Amino acid sequence: MSASGGTKAIVAALVANLAIAVAKFVAFIFSGSSSMLAESVHSLADSGNQGLLLLGGKKAKREATPQHPFGYGRERYIYAFLVSIVLFSVGGMFAIYEGYEKIKHPHEIDHWYWPVGVLVFAIIAESFSFRTAIKESNLTRGNLTWTQFVRRAKAPELPVVLLEDLGALVGLILALVGVSLALATGDGVWDGIGTLCIGILLILIAIVLAAETKSLLLGEAAGTDEVGKIEAALVDGETVSRVIHMRTLHLGPEELLVAAKIAVRHDETAAEVASAINAAEERIRAAVPIARVIYLEPDIYSETAAAEGTNPGKTPGGH
């Protein structure tokens, strides 16, 4: 995912959520609807989340330092994880509390046209934001399903915005249903039930986001396609005969570390091996441009060592 694509989707979501949050809160003041209060807090939390994503993107651009020699690319993962916490605590838990209180102490909705009008406006505005996120995601999604895209994306911004916008749209529909039933029956309990459903929805989305960003924080390897390209680029059939073993790690969404032990002929000179390593690094960067940190170790391939297995703690196939 390009940084510009992610930023465009974040800004679109931020503008929409700020406008919607103000409209919802005004509707709550005039109507007293708990669904509107929960939704206004939800939109405010979403606005804060988009601010966190923009801040994380800015901090990730800092240059590497002696203390952080691999740079700050993972800042984007950290702030995406914070988003899931904010969505859970501020959005989800508040909505559940407000829904419980409204079910326990229901009251009729005043000035029905305020919440209904604002919810219709919010659905339209959120749809435009969701459309932008879908459009930007399709530029890099390829043949992946939406579930696969959310699970495999190394850049967290678009999956976060997609799930937030999806949750916001479903939440708005739940709020509209709750308000409509409360108006139709004259029973404010329905408004509380709608609010409670919104809270449960937000918590479920927050759990998914937390699980995915936690995996990125722990460190994920390159995708299958990228690994295949790197392995193909390493072997030239002359000096480098095979890849003995290789590890990859995302230092950030657009920065990949590659560490590999490669097999060279035993009769090669040091100069020839060094030249082969430099050439292999160039081929890797040409095949996978995000492979910016590359460490290659030459070795003599041993079938006996390779037969011992692939213990991650060892380097199988080498001496």
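Assorted remarks:
- Of all the numbered requirements in (1) of a type outside the set (Val, Ile, Thr); (2) open to solvent by 60 Å² or more (accessible area, probe 1.4 Å); (3) at pLDDT 85 or above, Glu238 misses one, and that requirement is (3).
- Only one entry in Glu157, Glu136, Glu126 is out of contact with any Phe, Trp or Tyr (no Cβ under 8 Å at 6 or more places or on another chain), acidic (Asp, Glu), touching a residue at least 40 places away in the same chain (Cβ under 8 Å) and closer than 30 Å to Ile193 by Cα, namely Glu126.
- Filtering the range 257-280 to residues that are free of Cβ contacts under 8 Å to residues at least 40 places away in the same chain, under 13 Å from Thr239 (Cβ atoms) and either of a type in the set (Phe, Trp, Tyr) or outside any loop (DSSP other than H, G, I, E, B) (or both) leaves Ile262, Val264, Ala270, Ala271, Glu272, Val273, Ala274, Ser275, Ile277, Asn278.
- With respect to the conditions (1) in a helix (DSSP H, G or I); (2) farther than 25 Å from Gly188 by Cα; (3) open to solvent by 80 Å² or more (accessible area, probe 1.4 Å), Asn49 falls short on a single one, namely (3).
- Of residues in the range 241-266 being of a type in the set (Val, Ile, Thr) and over 20 Å from Arg292 (Cβ atoms), the one surrounded by the most Cβ atoms within 10 Å (Cβ to Cβ): Ile244
- Residues satisfying the stated conditions in the range 142-154, i.e. in contact (Cβ under 8 Å) with a residue 24 or more places away in the chain and not in a loop (DSSP other than H, G, I, E, B): Val150, Arg151, Arg152
- Considering each residue of the range 2-17 in turn, at least one proves to be assigned to a helix (DSSP H, G or I), out of contact with any Phe, Trp or Tyr (no Cβ under 8 Å at 6 or more places or on another chain) and under 30 Å from His105 (Cα atoms).
- Qualifying position, being at negative phi and buried (at least 21 other Cβ atoms within 10 Å of the Cβ), among Ala221, Ala232, Ala206, Ala211: Ala206
- Top-ranked residue of the range 269-312 - restricted to ones that are within 15 Å of Met246 (Cα to Cα) and at pLDDT below 75, ranked as nearest to the chain's Cα centre (by Cα): Pro312
- In the range 163-173, residue most open to solvent (accessible area, probe 1.4 Å) [restricted to those that are in contact (Cβ under 8 Å) with a residue 40 or more places away in the chain and of a type in the set (A, V, I, L, M)]: Ile173
- Hey, Leu44 out of contact with any Asp or Glu (no Cβ under 6 Å at 6 or more places or on another chain) and modelled with pLDDT of 85 or more or not: no
- The range 40-77: number of residues that are closer than 19 Å to Phe130 by Cβ and within 14 Å of the chain's Cα centre (by Cα): 4
- Every residue from the range 55-96 that is over 15 Å from Leu201 (Cβ atoms), open to solvent by 60 Å² or more (accessible area, probe 1.4 Å), in a helix (DSSP H, G or I) and not charged (D, E, K, R): Leu55, Ile78, Phe81, Leu82, Ile85
- Matching residues, the range 112-123, being closer than 20 Å to Thr185 by Cα, in contact (Cβ under 8 Å) with a residue 60 or more places away in the chain and open to solvent by 60 Å² or more (accessible area, probe 1.4 Å): Trp112, Trp114
- Under the condition of being surrounded by fewer than 19 Cβ atoms within 10 Å (Cβ to Cβ), at pLDDT 80 or above and of a type outside the set (Val, Ile, Thr), the residues counted in the range 97-111 number 6.
- Test: residue in the range 151-159 that is open to solvent by 60 Å² or more (accessible area, probe 1.4 Å) and at negative phi: yes
- So Gly32, is it closer than 15 Å to Ala168 by Cβ, open to solvent by 10 Å² or more (accessible area, probe 1.4 Å) and not hydrophobic (A, V, I, L, M, F, W, C): no
- Residue identified as open to solvent by less than 10 Å² (accessible area, probe 1.4 Å), over 21 Å from the mean Cα position of the chain (by Cα) and at pLDDT 85 or above among Gly194, Gly188: Gly194
The values are calculated or read from the model by the stated rules, or taken from the named source; none is laboratory data. Treat the numbers as computed from the prediction; the structure is a model and nothing was measured. We place every Cβ from the backbone using ideal geometry, glycine too, and count neighbours over all the protein chains shown. Just so you know, the surface numbers come from the protein's heavy atoms only, side chains and all, with ligands and any DNA or RNA stripped out. Shrake-Rupley method; radii C 1.70, N 1.55, O 1.52, S 1.80 Å.
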